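Colleague: Following this message is one structure expressed as structure tokens.
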Amino acid sequence: QVQLVESGGGLVQAGGSLRLSCAASGVGSIFEINAMGWYRQAPGKQRELVAAMTSSGSANYADSVKGRFTISRDNAKNTVYLQMNSLKPEDTAVYYCNAGGILTIVGTFRERWGQGTQVTVSS
């Protein structure tokens, strides 16, 4: 099995910054994770992609966060980060880590989700 463990959420004032981290771990060795990213879901809204990055470093962002958020990965640690700057109240949501195409010593897993971490931005 593969698990994603998130950290770094919290309460921040508008204009502030937070950094989210998500580490993948499994029973056996993880050889490669094709794509890792972050989604978010605000109350009453659908879950949406925030940012994602492939193992080769290609990244894409939601238009609403371009220029403010930066995604990065440490492939050796199977970890993805989301640096969030200039936060706005509309960024308030539960942020979920996602990993897709996970190649491990015990097999390949299509997709895994983290448990979610709350980000609240006060005005």
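The values are calculated or read from the model by the stated rules, or taken from the named source; none is laboratory data. These numbers were taken from a predicted model, which means no experiment stands behind them. SASA here: full protein model, heavy atoms, side chains in, ligands and nucleic acids out. Shrake-Rupley method; radii C 1.70, N 1.55, O 1.52, S 1.80 Å.
Colleague: So if each residue of separation counts as 0.36 nm, and I subtract the Cα-Cα distance between ALA76 and ALA14, what length gain in nm does that give?
Modeller: On the way: separation 62, 0.36 × 62 = 22.32 nm, distance 3.35 nm.
Contour length minus Cα-Cα distance gives 19.0 nm.
Colleague: State in Å² the accessible area per residue of the range 1-107; use a 1.4 Å probe, count heavy atoms of protein chains only, and round to the nearest integer. Intermediate results must be reported in sequence, preceding the final value.
Modeller: Numbers: 5330 Å² over 107 residues.
Spelled out: the 1.4 Å probe surface of the range 1-107, per residue, equals 50 Å².
Colleague: Out of the total accessible area of the chain (probe 1.4 Å, heavy atoms of protein only), what percent is carbon and sulfur? Could you put the intermediate results ahead of the total?
Modeller: Details: 3080 of 6400 Å².
Of all accessible area on the chain, carbon and sulfur atoms account for 48 percent.
Colleague: A further question follows. Taking Cα pairs under 8 Å and at least six residues apart, what relative contact order does the range 30-73 come out at, in percent? Intermediate results must be reported in sequence, preceding the final value.
Modeller: Details: 56 pairs, mean separation 13.9, N = 44.
Dividing the mean separation by the residue count of the range 30-73 yields 31 percent.
Colleague: With an 8 Å cut-off on Cα pairs and a minimum separation of 6 or more residues, tell me the relative contact order of the chain in percent.
Modeller: Working: 317 pairs, mean separation 44.4, N = 123.
After rounding, I find 36 percent.
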